[in-house]
Amino acid sequence: MFVDLLLLTACSPGDPQAMQSTAQALGTRLAATVTADQSASKAKDSLQEAQATATQLASSFISTQTAQNDLSLEAQRATDDAFASFRGELLLYGVDPERGRPGWIHPTLQLELEEYHSYEFANQFMGTIAQDFVLSADITWNTEYGGSGCGFVFRSDGNKAAPNQYMLVAARAANGHVIFTVMADGEVVGGQDLYAYGVDRAFDYHNGAVNRLALVARGYRFNIYTNGTKIGEVDPDAPLPQPRFPSPPPPPANLNDPQAVALYTKATAQYNLAVQKIKADYNARLKAARQANKAFEQGFVAFLAVSESGHTNCQFDRSWLWLMESER
């Protein structure tokens with residue numbers, strides 16, 4: 001597990017160094033939240049059990065990338081008709097609406113958390129397996145802490161104890177970030193941070209705001225959009241970023257003051273221990289990342305809420321999944 005020893009600091013959109021520092025700190029906090037001890041987590045076991053059950057069933061009806069969901073043929077046709085209003089959005093993302101089919105259109109969904117380091121997944125259509133796809137939703141958030149966020153989990157294998165999956169979370173911290181995370185056997189082994197605010201001029205990080213988050217997954221190229229603006233592309237095999245270290249304690253103004261020197265000596269020792277732990281954790285994570293399989297070809301998708309602490313509310317509206325014809 002990453003150790004969160006860095007505090008998020010306010011930074012202006014025009015300060016690249018501050019952006020980088022804040023993004024790395026935010027990624028650390030998110031990783032600490034989602035890899036918290038399972039006894040403290042409030043993730044819904046019932047959903048993961050449904051995923052595991054669907055995994056067993058999936059092999060019987062998946063011969064290619066296309067996955068049959070649990071809709072009847074009549075319902076599928078109704079979904080096709082209802083999807084007509086979203087086809088223009090596919091073109092915005094560079095996706096041919098003639099090469100693929102709707103996976104589902106999801107009704108309004110709300111995920112609400114109160115506990116420290118808690119998270120929750122949900123999806124009404126758990127029978128759908130996605131390989132190459134587009135996933136898009138309007139997200140309305142109200143979070144007590146900026147490190148909490150809302151987003152998606154995708155290509156999950158449904159393993160309850162040690163999942164293999166990707167996660168994409170938008171958070172309000174530092175005026176708006178989108179964090180991509182790779183989990184292999186239940187451990188965070190990779191990830192990237194994207195700065196939304198300033199790239200997407202329509203992005204609103206305030207509580208109560210609505211932002212549209214979209215993910216286009218082709219093979220292992222994942223393009224991320226907010227409010228129709230591409231904010232970046234992520235690679236699950238990208239190397240882990242270098243760790244950020246806290247600033248060392250300043251020396252005392254008066255070196256002849258024994259009390260001040262004693263406090264400085266104690267603070268320096270604590271600082272050195274903190275740095276050693278950060279390095280040890282990073283080296284362990286780096287070793288795990290090098291050994292882990294981070295290539296997940298297909299899997300389940302779900303909506304996700306992550307709470308750093310306090311109240312977190314994520315509402316998903318106008319949400320849909322499009323299954324593309326595989327280009328591989």
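Within the bounds of region 132-146, is there any residue that is crowded, with 24+ Cβ neighbours inside 10 Å and within 11 Å of the chain's Cα centre (by Cα)? Looking for residues that are crowded, with 24+ Cβ neighbours inside 10 Å and within 11 Å of the chain's Cα centre (by Cα), one finds none in region 132-146, hence no.
Applying the criterion of at least 1 residues that are of a type in the set (A, V, I, L, M), touching a Cys at 6+ places or on another chain (Cβ under 9 Å) and in contact (Cβ under 8 Å) with a residue 60 or more places away in the chain to the strands (runs of 3 or more DSSP E) found wholly in region 147-221 leaves 165-171, 210-218.
Filter region 240-289 for residues that are among the polar types (S, T, N, Q) and within 27 Å of ASP185 (Cα to Cα); which is farthest from the chain's Cα centre (by Cα)? Reasoning before the result, please.
Looking only at region 240-289, we keep the residues that are among the polar types (S, T, N, Q), and these are 242, 247, 254, 256, 259, 265, 268, 270, 272, 276, 283.
Now drop any that are not within 27 Å of ASP185 (Cα to Cα), which leaves 242, 276, 283.
Numbers: GLN242: 19, GLN276: 28, ASN283: 23 Å.
Per the criteria, the residue is GLN276.
For TYR119, the requirement of being aromatic (Phe, Trp, Tyr), buried (at least 23 other Cβ atoms within 10 Å of the Cβ) and modelled with pLDDT under 95 is met.
In the set ALA274, ALA238, ALA289, ALA284, which member is of a type outside the set (S, T, N, Q) and at pLDDT 90 or above?
Result: ALA274 is the single residue among ALA274, ALA238, ALA289, ALA284 that is of a type outside the set (S, T, N, Q) and at pLDDT 90 or above.
If the condition is being more than 17 Å from ALA302 (Cβ to Cβ) and small (Gly, Ala, Ser), then region 79-125 contributes ALA82, ALA84, SER85, GLY88, GLY94, GLY100.
Residue-wise test of (1) of a type in the set (Gly, Ala, Ser); (2) more than 27 Å from GLU325 (Cβ to Cβ); (3) at pLDDT 95 or above; (4) in contact with a strand residue (DSSP E or B) (Cβ under 9 Å, 6 or more places away or on another chain).
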| residue | (1), (2), (3), (4) |
| --- | --- |
| GLU98 | no, no, no, no |
| LEU113 | no, yes, no, yes |
| ASP138 | no, no, yes, yes |
| ALA162 | yes, yes, no, yes |
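The values are calculated or read from the model by the stated rules, or taken from the named source; none is laboratory data. All figures in this text were calculated on a predicted structure; none of them were measured in a lab. Reconstructed Cβ throughout: ideal geometry from the backbone, glycine too, with neighbour counts over all protein chains shown.
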